[in-house]
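Structure, as structure tokens:
The values are calculated or read from the model by the stated rules, or taken from the named source; none is laboratory data. The model shown is predicted, which means the values in this text are computed figures rather than measured ones. Cβ placement follows ideal geometry from the backbone for every residue including glycine, while neighbour counts extend to all protein chains displayed.
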Ligand code: SF4
């Protein structure tokens, strides 16, 4: 018979636990504990408590925040599970100082303090800035569509629900007609009769429910009775929200987090950019012409106009961007084709291309790579019917320019008294329409600089969604209503930023 180490389930053991020792420096739990105790101002929660003279003491927001942030970081969003963890898990016990808040207290805290969570988000952002974690040069924004705790069935406008009620009425009528036909033909198909009766009962219940709702609920102005939206995702149609994050390139710190009950991403660009600029102004963090980039879902004429008119340094390609890129087409064609290595590298002797000049087809202006304004030389229509516009660098500027050798076809000509500065031309339209703001953006994103900037987008913003979605296991919002969802989304983004502080900041050890 094999020999095993004996064990005794009924034995007793006394273990001395120091809770502070459980929060080891360098861990996420220590980072939360340190930030909440030393850096964050939680007095923002105090006005909500009215128990100064009467009433029993409440749980300190510091305790609730610590356990909620830690739970969310481990993918635990259920308030009952958080309560259970406080009873059984030593890290939760250390964070909660051996208290066990009731799950309703935890749930109320998460859903009831969304505005305060935004203030905390900003406080943590300030700490990130103090510790030099923000680059403030390039921001990428993107969204992640997730379902909320709202049923597709009961979401929609009054008009949509009225249409749904009418549809159910038609279906009921169809069954009644079928039933009458069975009676008339004296059919003995009992199975069909029973199926029809069952369907009628279900439809009548659904009809009455919608009817009652429509009679009692007041129509919401705008987009629907609830604030979520039906959205098409790669996993099908969901009823939910789009969590948008704006991310700083340096350490992938989220500088803005908002949830929108909007299926269309391009509706969200302007409020997000406004929120980012307002936030930096409010926090007194200086921005020096930062670059913003987003994917093709955010491109439309209105957004391009907004960027142009507000002098926002944006790079947002349209959905034909890849098709226009010869390198991409070449790469696609050559995909998986091996080429012989000749040892020779083709060196391009061409000058700086026109695409590297900052051309604005709306205002008909052009800035050269030396940041000098060029003069508009002429406009004409070529034999193919394309309207072309010609610019020339000012001779005095080109003559003294450090980039002259790379920029001009014949640099010596700049020294002649009757010479010319660098000349460039652009096609401003191929048809009849006047150039628009989308043309302006096309020129920006098609330039080498634009392609380089846009190439950063994915590496800046996608890992953030990977972290929140995969590591933190956020695949649906557990609350309902824009305000609460916004709070929950910001909580996750706050956790992401605290992790960055832990990994790259100087949190006390
Ligand atoms: S050579 Fe003339 S056009 Fe070219 S970068 Fe210099 S100033 Fe601008």
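For region 281-296, filtering for residues that are assigned to a helix (DSSP H, G or I) and either without any contact (Cβ under 8 Å) to a residue 40 or more places away in the chain or buried (at least 19 other Cβ atoms within 10 Å of the Cβ) (or both) leaves 2. Only a single criterion out of (1) more than 12 Å from the ligand (Cβ to nearest atom); (2) outside any strand (DSSP E or B); (3) at pLDDT 80 or above; (4) in contact with a helix residue (DSSP H, G or I) (Cβ under 7 Å, 6 or more places away or on another chain) is not satisfied by residue 359, namely (2).
Taking each residue of region 252-270 that is in contact (Cβ under 8 Å) with a residue 40 or more places away in the chain and looking for partners that are crowded, with 21+ Cβ neighbours inside 10 Å and assigned to a loop (DSSP other than H, G, I, E, B) with beta-carbon atoms closer than 7 Å, six or more apart or interchain, yields 253/133; 253/134; 260/268; 261/227; 261/228. Within region 392-421, being under 30 Å from residue 293 (Cβ atoms) and either touching a residue at least 60 places away in the same chain (Cβ under 8 Å) or outside any loop (DSSP other than H, G, I, E, B) (or both) holds for 406, 407. Per the listing 43, 48, the residue uniquely modelled with pLDDT under 90 and either surrounded by 10 or more Cβ atoms within 10 Å (Cβ to Cβ) or closer than 29 Å to residue 504 by Cα (or both) is 48. For region 365-417, a residue qualifies if it is away from the ligand (no atom under 14 Å from the Cβ) and surrounded by 17 or more Cβ atoms within 10 Å (Cβ to Cβ), and the qualifying residues are 387, 389. Among all positions in region 423-436, there is at least one residue which is within 11 Å of the ligand (Cβ to nearest atom) and in contact with a helix residue (DSSP H, G or I) (Cβ under 7 Å, 6 or more places away or on another chain). Of all residues in region 1-43, those satisfying the criterion of being part of a loop (DSSP other than H, G, I, E, B) and under 37 Å from the mean Cα position of the chain (by Cα) are 23, 24, 25, 26, 27, 40, 41. Filtered by the rule that a residue be assigned to a loop (DSSP other than H, G, I, E, B) and either touching a strand residue (DSSP E or B) at 6+ places or on another chain (Cβ under 6 Å) or on the phi > 0 side of the Ramachandran plot (or both), region 263-279 gives 263, 268.
Restricting attention to region 157-170, does a residue exist that is part of a loop (DSSP other than H, G, I, E, B), touching a strand residue (DSSP E or B) at 6+ places or on another chain (Cβ under 9 Å) and surrounded by 15 or more Cβ atoms within 10 Å (Cβ to Cβ)? Taking every residue of region 157-170 in turn, none turns out to be part of a loop (DSSP other than H, G, I, E, B), touching a strand residue (DSSP E or B) at 6+ places or on another chain (Cβ under 9 Å) and surrounded by 15 or more Cβ atoms within 10 Å (Cβ to Cβ).
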